[in-house]
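Reading through the structure tokens given below for one structure.
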Amino acid sequence: MNKFKKKVKKNGFTLIELMIASMLFSVIMVVGIGAIINVNKIHKNTQALRTVIDNLHFVMEDMSRNLRLGNTYLCGSLTIPANCSDSDSISFKDVDGGDITYAITNDVSGAYFKITKDNGEGPKEITPAEVKIDYLKSGFTVAGYPSNQPMITIRLNGVVSNQGVDSSFNVQTSVSQRTLNIPSS
């Protein structure tokens, strides 16, 4: 009777092989999903930081445009136009003849500073809330006044705080007055 027994070939996987394959798949999926979540978090943080930096560049561009079109630049507490270096504020006449003052002023915390703009309505903070300016490394410089076309340099140095991460920045731009300042003789 044994000679008529059919040989049964085993096809498929054993229970242990299926359990090992399932465990390996689970581990790979957990690691993969964790990496995707981490990359997504980093992307969101980077986008938020980029938005703050873009806002800071917008502030610099607005100041540059107004200074380029303005005239009669006064640094700090000066009452007559003159050259100055590392001033914490600059006042000038805008293109419409109005008075504008940009100043690096004390933040509420007292540890950092902000840029304020005063166009006759009182000072308004124009830097984003996440930007903290280092007072000692920032300022306004006017050169070439009054005999030449004045050049104004704006230096901002500080940190951007974004979701617990601080990123330092150092931005500088120079603008020259668009209209020539010809002294009267």
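Coordinate-derived values only; no laboratory data. In this text the structure is predicted, and so the values were computed from the model without any measurement. Cβ atoms come from the backbone with ideal geometry, glycine included; neighbour counts cover every protein chain shown.
Can you tell me the alpha carbon radius of gyration of the chain divided by the globular rule-of-thumb value 2.2 N^0.38 Å?
1.98
Pull out the extension gain between Val95 and Asp166, defined as 0.36 nm times the separation in residues minus the alpha carbon to alpha carbon distance; nm, one decimal.
So the extension gain works out to 21.8 nm.
Could you order the peptides 41-50, 21-30 from most to least packed, using the average number of other C-beta atoms within 10 Å per residue?
41-50, 21-30
Enter the angle in degrees (range 0 to 90, nearest 10) between the Cα long axis of helix 15-69 and the first principal axis of the Cα atoms of the chain, meaning the one along which they spread out most.
Computed tilt is about 10 degrees.
Applying the Karplus parametrisation 6.51 cos²θ - 1.76 cosθ + 1.60 with θ = phi - 60° to the phi angles of region 138-144, what ³J(HN,Hα) value in whole Hz is obtained for each residue in order, glycine and proline being reported as x?
Rounded to whole hertz, the list is 10, x, 10, 10, 10, 10, x.
Sticking with the crude label model, points 7 Å out along Cα→Cβ, report the distance from Asp54 to Arg178 in nm, one decimal please.
2.5 nm
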